[in-house]
Amino acid sequence: MQPLNDINVDEVLKGLSAVEGANGYVIFNQDCIPLKRSEKNITYEKAVHMSALVADLWNVTKKCIQRDLRNSENDLEIIRIRTKAQSEYIISQQGDYTMIGIQLCGKAIEEAKLAAAAEAQAAAEAEKAKKGDKEQS
């Protein structure tokens, strides 16, 4: 295992994004300011909105766990929320930073694969058409 200060955050995030079903992430600080996000899927405005909602959810959940379990040593480590839209939000906090990971579940993974394949095929056909136009010129 690598020492913590040798870890390249961008490489780790690329690795997480390459996992099947991964659909995005947002990392934000204690002021709910997004520091990193998957720019392909999440706009900055959406990242700010998600950060504010998740920070509130995290704080309320942490207070409830400590109150209901009557032990201040019980600490919240991760929250997993599955939606009706076949996606799952995985939220974790470390120090002053919080990460939201979004992954597709069930049928949504297959639908995303089909959409990516169709997009790749359309791009290949467009490229083929361009080459055909150049050859005719």
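Considering the options 101, 47, 81, tell which one lies farthest towards the positive end of the dipole of the stretch 1-106, charges being +1 on Lys and Arg and -1 on Asp and Glu at the Cβ, about the Cα centre.
81
Rounded to the nearest 0.05, what FRET efficiency is calculated for residue 9 and residue 84 with R0 set to 41 Å and r the Cβ-Cβ distance?
Details: r = 32 Å, r/R0 = 0.78.
That pair, residue 9 with residue 84, gives E of 0.80.
Projecting each Cα onto the charge dipole of the chain (Lys/Arg +1, Asp/Glu -1 at the beta carbon, about the Cα centre), which of 129, 92, 60 comes out farthest on the positive side?
It is 60, whose Cα lies furthest towards the positive end.
Kirkwood-based Rg over Rh for the stretch 14-70 (C-alpha set), two decimals?
Numbers: Rg = 14.0 Å, Rh = 12.7 Å.
Radius of gyration relative to Kirkwood radius: 1.10.
Which semi-axes, in whole Å and largest first, does the equivalent ellipsoid of the chain have when worked out from the alpha carbon gyration tensor as the square roots of 5 times its eigenvalues? All intermediate terms of the calculation are to be shown ahead of the outcome.
Details: eigenvalues 303, 62, 39 Å².
They are 39, 18, 14 Å, listed largest first.
Taking the 0 to 90 degree range and rounding to the nearest ten, how far is the long axis of helix 44-68 tilted relative to the main principal axis of the chain, both from C-alpha atoms?
30
Report the extension gain between residue 129 and residue 66 in nm, rounded to one decimal, defined as 0.36 nm multiplied by the number of residues separating them, less their alpha carbon distance. Before the final figure, lay out the partial values.
Working: separation 63, 0.36 × 63 = 22.68 nm, distance 6.25 nm.
Stretched fully, the residue 129-residue 66 segment lengthens by 16.4 nm.
So, for the chain, what is the accessible surface per residue at a probe of 1.4 Å, expressed in square angstrom? All intermediate terms of the calculation are to be shown ahead of the outcome.
Numbers: 10430 Å² over 137 residues.
Averaged over the residues of the chain, the accessible area is 76 Å².
To the nearest 20 debye, what is the magnitude of the charge dipole of the stretch 69-117 about its Cα centre, counting +1 on the Cβ of each Lys and Arg and -1 on the Cβ of each Asp and Glu?
Details: 6 positive and 7 negative charges, 63 e Å.
Result for the stretch 69-117 is approximately 300 debye, rounded to the nearest 20.
Just how far, in whole angstrom, is the stretch 87-108 from the stretch 3-80 if you go by their alpha carbon centroids?
If we compute the Cα centre of each part, the gap is 6 Å.
Assuming R0 = 30 Å, what is the FRET efficiency of residue 77 and residue 117, from their Cβ-Cβ distance, to the nearest 0.05? If you can, show how the numbers build up before the last one.
Details: r = 37 Å, r/R0 = 1.23.
Here the calculated transfer efficiency is 0.20.
Over the chain, what percent of the accessible surface lies on carbon and sulfur atoms, probe 1.4 Å?
52
Calculate the dipole size of the chain relative to its Cα centre from +1 charges on Lys and Arg beta carbons and -1 charges on Asp and Glu beta carbons; express the result in debye to the nearest 20.
On the way: 18 positive and 21 negative charges, 74 e Å.
So the magnitude is around 360 debye.
The values are calculated or read from the model by the stated rules, or taken from the named source; none is laboratory data. Everything quoted here is computed from the prediction, not taken from an experiment. Cβ atoms come from the backbone with ideal geometry, glycine included; neighbour counts cover every protein chain shown. Keep in mind that these areas ignore ligands, DNA and RNA; they rest on the heavy atoms of the full protein, side chains included. Shrake-Rupley method; radii C 1.70, N 1.55, O 1.52, S 1.80 Å.
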